[in-house]
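Q: Have a look at this one before I ask anything.
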Amino acid sequence: MSSNIKKIQYDTLKHLLPARERQAHKGDFGHVLVIGGNKGFGGAALMAAMSAARSGAGLVSVATHICYTSAMLARCPELMVTAINNSDDLVDALAPATAVLLGPGLGQDEWGQGCLRGALSALAEHPRPLVLDADALNQISLGEYQEFLAHKELLVLTPHPGEAARLLNTSTREVQDDREAAATRLQAQYGGTVVLKGAGSLVCSEQHGRIQLEQCIHGNPGMASGGMGDVLAGVIVGLIAQGLEPVDAARLATCVHAKAGDIQAAAHGQRGMLATDLINDIRHLLNP
């Protein structure tokens, strides 16, 4: 790892989220919309939405496949869950959102493609901060939707190494052999802020005309389990909804998420750690 990479950690970033005013109300902390949860993948959208809520977003909505609306409400009744059947449903769901997460459990079938196309088209007309994760990244890697990503300053991409490889038209091994170069290439090609997940997650952004590459010092191998990325994406969009700039939300969320994993590993061991195990620790860490 190059010596010019800035190390980032929870203790030096926790100040980014200010204390709340006593007279604050839910409208002060944004409205997150999570778009995803295709057949067979409802848990991804649910975990992302719960993480956004636990990170402090004032309101959290989920636009998902009709087969998951009841289950999501049963698990977390604080969520506002909308069944998406067509692009008109998605436009209505997007209207009140102040920050959007697109991709957890989205899939790449006709339903998933329709959600991606509809969301990106609507956001191109009425821009808001957008976090792209999972199958949203896989679909964009095909090269059909990049023209919609014009508002780079509002964009956060959160690929794992396999998704990064598809976005760069290379192999996962090449990404892992030089993660710094991969993160830098992703930022140059797609813009915005890139979080390249993995051991020593990297945050790459453009600051004052220069590329800034930062590495999270927290995290452990116990976090190598399904759903961890969904939780991270939910925290990022939840922090953006509360007013953080996308790059600061990505930095803080990456460190808080990894630190929560370390807390779980210290308390219970690495093996058997689940993504949802982190959510309460994330809440505590965001209330220092």
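The values are calculated or read from the model by the stated rules, or taken from the named source; none is laboratory data. Everything quoted here is computed from the prediction, not taken from an experiment. Neighbour counts run over all protein chains shown; Cβ positions are idealised from the backbone, glycine included.
Q: If only one of PRO96, PRO104 is part of a loop (DSSP other than H, G, I, E, B), surrounded by fewer than 20 Cβ atoms within 10 Å (Cβ to Cβ) and either at negative phi or not aliphatic (A, V, I, L, M) (or both), which one is it?
A: PRO96
Q: So, one more: Go through GLY222, GLY229, GLY234, GLY198 for me and flag whichever is modelled with pLDDT of 95 or more, assigned to a loop (DSSP other than H, G, I, E, B) and under 20 Å from ILE263 (Cβ atoms).
A: Details: GLY222 fails: assigned to a loop (DSSP other than H, G, I, E, B); GLY229 fails: assigned to a loop (DSSP other than H, G, I, E, B); GLY234 fails: assigned to a loop (DSSP other than H, G, I, E, B).
Matching residue, one of GLY222, GLY229, GLY234, GLY198: GLY198.
Q: Next question, about the same structure. So THR158 ticks every box in (1) crowded, with 24+ Cβ neighbours inside 10 Å; (2) of a type in the set (Ser, Thr, Tyr); (3) out of contact with any Lys or Arg (no Cβ under 7 Å at 6 or more places or on another chain) but one. Which box is left unticked?
A: Of everything listed in (1) crowded, with 24+ Cβ neighbours inside 10 Å; (2) of a type in the set (Ser, Thr, Tyr); (3) out of contact with any Lys or Arg (no Cβ under 7 Å at 6 or more places or on another chain), THR158 misses just condition (3).
Q: In segment 139-146, is there at least one residue being part of a helix (DSSP H, G or I), without any contact (Cβ under 8 Å) to a residue 24 or more places away in the chain, more than 15 Å from the chain's Cα centre (by Cα) and surrounded by fewer than 17 Cβ atoms within 10 Å (Cβ to Cβ)? Walk me through how you get there before you give the answer.
A: From segment 139-146, those part of a helix (DSSP H, G or I) are 139-140, 146; that's our starting set.
When the remaining residues are screened for being without any contact (Cβ under 8 Å) to a residue 24 or more places away in the chain, the result is none.
Checked segment 139-146: no residue is part of a helix (DSSP H, G or I), without any contact (Cβ under 8 Å) to a residue 24 or more places away in the chain, more than 15 Å from the chain's Cα centre (by Cα) and surrounded by fewer than 17 Cβ atoms within 10 Å (Cβ to Cβ).
Q: Within segment 133-150, is even one residue in contact with an Asp or Glu (Cβ under 8 Å, 6 or more places away or on another chain), within 19 Å of GLY37 (Cβ to Cβ) and among the acidic types (Asp, Glu)? Spell out the reasoning first.
A: From segment 133-150, those in contact with an Asp or Glu (Cβ under 8 Å, 6 or more places away or on another chain) are 133-134, 137-138, 141; that's our starting set.
Of the ones still in play, those that are also within 19 Å of GLY37 (Cβ to Cβ) are 133-134, 137-138.
Filter again for among the acidic types (Asp, Glu), leaving 133.
For segment 133-150, residues in contact with an Asp or Glu (Cβ under 8 Å, 6 or more places away or on another chain), within 19 Å of GLY37 (Cβ to Cβ) and among the acidic types (Asp, Glu): present.
Q: If I go through segment 90-147 residue by residue, how many of them are at pLDDT 95 or above, of a type in the set (Asp, Glu) and closer than 16 Å to VAL62 by Cβ?
A: 2
Q: Are any residues in segment 166-176 closer than 13 Å to GLN139 by Cα and in a helix (DSSP H, G or I), and if so, which ones?
A: ARG166, LEU167, LEU168, listed by residue number.
Q: Kindly list, by first and then second residue, each pair from a residue in segment 40-52 that is at negative phi and of a type in the set (Phe, Trp, Tyr) to a residue that is crowded, with 22+ Cβ neighbours inside 10 Å and not in a helix (DSSP H, G or I), limited to pairs with Cβ atoms under 6 Å and residues at least 6 apart or on different chains.
A: PHE41/GLY105
Q: Here is a check on your reading of the model: is GLY162 in a helix (DSSP H, G or I), more than 16 Å from ALA45 (Cβ to Cβ), under 19 Å from the mean Cα position of the chain (by Cα) and of a type in the set (Gly, Ala, Ser)? It would help to see each step written out before you state the result.
A: Values: in a helix (DSSP H, G or I): yes; more than 16 Å from ALA45 (Cβ to Cβ): yes; under 19 Å from the mean Cα position of the chain (by Cα): yes; of a type in the set (Gly, Ala, Ser): yes.
Yes.
Q: Suppose we keep only residues that are touching a residue at least 60 places away in the same chain (Cβ under 8 Å) and part of a loop (DSSP other than H, G, I, E, B) within segment 271-288. Which one would you say is surrounded by the most Cβ atoms within 10 Å (Cβ to Cβ)?
A: Checked segment 271-288; the qualifying residue surrounded by the most Cβ atoms within 10 Å (Cβ to Cβ) is LEU286.
Q: Hey, among GLU174, GLU163, which residue is of a type outside the set (A, V, I, L, M, F, W, C) and in contact (Cβ under 8 Å) with a residue 12 or more places away in the chain?
A: Values: GLU174 fails: in contact (Cβ under 8 Å) with a residue 12 or more places away in the chain.
Exactly one of GLU174, GLU163 is of a type outside the set (A, V, I, L, M, F, W, C) and in contact (Cβ under 8 Å) with a residue 12 or more places away in the chain, namely GLU163.
Q: Please work out which one of (1) touching a helix residue (DSSP H, G or I) at 6+ places or on another chain (Cβ under 9 Å); (2) surrounded by fewer than 18 Cβ atoms within 10 Å (Cβ to Cβ); (3) without any contact (Cβ under 8 Å) to a residue 40 or more places away in the chain; (4) of a type outside the set (Ser, Thr, Tyr) is the condition VAL81 fails and give its number.
A: (2)
Q: Just checking, how many residues over segment 237-270 are without any contact (Cβ under 8 Å) to a residue 40 or more places away in the chain, surrounded by fewer than 21 Cβ atoms within 10 Å (Cβ to Cβ) and part of a helix (DSSP H, G or I)?
A: Let us first name the residues in segment 237-270 that are without any contact (Cβ under 8 Å) to a residue 40 or more places away in the chain, namely 245, 257, 260, 263, 266-268.
Subset that is surrounded by fewer than 21 Cβ atoms within 10 Å (Cβ to Cβ): 245, 263, 266-268.
Then keep just the ones that are part of a helix (DSSP H, G or I); that gives 263, 266-268.
So the answer is 4.
Q: Something else now. Which residues, taken from segment 40-57, are of a type in the set (D, E, K, R) and part of a loop (DSSP other than H, G, I, E, B)? Step through it out loud before you land on a result.
A: Initial filter on segment 40-57 (of a type in the set (D, E, K, R)): 54.
Scanning segment 40-57 gives no hits.
Q: Here is a follow-up. Return a yes/no flag: does segment 13-36 have any residue that is assigned to a helix (DSSP H, G or I) and within 15 Å of LEU101 (Cβ to Cβ). Full working, then the answer.
A: Kept after step one, since they are assigned to a helix (DSSP H, G or I), are these residues of segment 13-36: 13-16, 26-29.
Filter once more, keeping what is within 15 Å of LEU101 (Cβ to Cβ): none.
So far as segment 13-36 goes, no, none of its residues is assigned to a helix (DSSP H, G or I) and within 15 Å of LEU101 (Cβ to Cβ).
Q: Keeping to segment 58-74, report how many residues are in a strand (DSSP E or B), closer than 16 Å to ILE236 by Cα and small (Gly, Ala, Ser). Break it down into steps so the answer makes sense when it comes.
A: Taking segment 58-74 first, the residues in a strand (DSSP E or B) are 59-64.
Checking the rest, the ones that are also closer than 16 Å to ILE236 by Cα come to 59-62.
Next, from what is left, pick out any that are small (Gly, Ala, Ser): 61.
Qualifying residue count, segment 58-74: 1.
Q: If you go through segment 117-138, how many residues are in contact (Cβ under 8 Å) with a residue 60 or more places away in the chain and part of a loop (DSSP other than H, G, I, E, B)?
A: Of the residues in segment 117-138, 3 are in contact (Cβ under 8 Å) with a residue 60 or more places away in the chain and part of a loop (DSSP other than H, G, I, E, B).
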